[in-house]
Amino acid sequence: MKKYHLILLPALLACLLLCACGTQDQETGNPPEKTPGESKGTWTQVTDAEWTMEDYDATTNKDITQVPEDWTLPQDVEIDSFTRVEVCGDLILYGPTYETAMMEGFTVARYADGTLTPIYTFDEGMTDSWQSFFSPDGKHIAFPWKISDGKPGGWQIRVVDLEGDLEEDVALPQWENEISILFVKWYDDTNLQVTAWGIENGNISPEETAHWIYTFPTEPSE
């Protein structure tokens, strides 16, 4: 197993154990609620892939994980070393992070002249913190998530249209192993690259691995 895996595996396990573009609502100040549907795309298993955790790690790209120097954020928005940040154009995604997981969700907001206007908030469970959320064109976000119950399994992929009302949960393909950790990133504008780690003898196992490409439907889901 690579040294990178050895360093992060304890943190990943700890996170699992600890898991116990719209417009702003003028009355509440919160983004309008979206009701997730179920995506109708297609899954293709990739049997010869050698994708590792490093292939999904976007946190080393300081161009997207730091607030631009010419932005002046509102005083009530605290961004520190324990905040996961991703910037795409005038959009910023931010939320508190614990090691390699975001346990309390996150917010996506649009920046303009020192103000942030929230357009999406996720607060239904936990998600990995290292993947790139924004699609290449900046119109969508996608991320793995699960209920914060401290148990393996239960992973889904949430896809959100930041310019409309579409929000979908993507059900994963059947796999003989139970998924301990799910890795997701944008392959391009219409495909996601996905890797699952399984469980062996009750422990997270990077050796028990499955890889897929998820292709979005050509027409929006009804």
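Observations
- Cβ-Cβ under 6 Å pairs, at least 6 apart or on other chains, the stretch 204-222 side at positive phi and β-branched (Val, Ile, Thr), far side at pLDDT below 90 and exposed (fewer than 15 other Cβ atoms within 10 Å of the Cβ): none
- Qualifying positions in the stretch 107-151 - over 18 Å from Gly164 (Cα atoms), touching a Gly at 6+ places or on another chain (Cβ under 7 Å) and among the hydrophobic types (A, V, I, L, M, F, W, C): Trp145, Ile147
- Count of the stretch 41-62 residues which are assigned to a strand (DSSP E or B), over 20 Å from the mean Cα position of the chain (by Cα) and surrounded by 14 or more Cβ atoms within 10 Å (Cβ to Cβ): 0
- The residues of the stretch 74-93 that are open to solvent by 40 Å² or more (accessible area, probe 1.4 Å), at pLDDT 95 or above and closer than 15 Å to Pro118 by Cβ amount to a single one, Asp90.
- Condition check for Ala196: open to solvent by less than 10 Å² (accessible area, probe 1.4 Å), among the small types (Gly, Ala, Ser) and either part of a loop (DSSP other than H, G, I, E, B) or more than 15 Å from Leu93 (Cα to Cα) (or both): yes
- Subset of the stretch 98-124 that is at pLDDT 95 or above and of a type in the set (Ser, Thr, Tyr) - its residue that is farthest from the chain's Cα centre (by Cα): Thr115
- Within the stretch 63-106, being among the charged types (D, E, K, R), under 24 Å from Val160 (Cα atoms) and outside any strand (DSSP E or B) holds for Asp63, Asp90, Glu104.
- Scanning the stretch 199-215 for residues that are touching a strand residue (DSSP E or B) at 6+ places or on another chain (Cβ under 9 Å) and open to solvent by 40 Å² or more (accessible area, probe 1.4 Å) yields Ile199, Glu200, Glu207, Glu208, Thr209, Thr215.
- Number of positions in the stretch 93-116 that are among the β-branched types (Val, Ile, Thr) and in contact with a Lys or Arg (Cβ under 8 Å, 6 or more places away or on another chain): 1
The values are calculated or read from the model by the stated rules, or taken from the named source; none is laboratory data. Please read these numbers as outputs of a predicted model, since none were measured by experiment. Because the Cβ atoms are built from the backbone with ideal geometry, glycine has one as well, and the counts that use them run over all protein chains shown. To get the accessible areas, we keep the full protein, side chains included, count just its heavy atoms, and leave off ligands, DNA and RNA. Shrake-Rupley method; radii C 1.70, N 1.55, O 1.52, S 1.80 Å.
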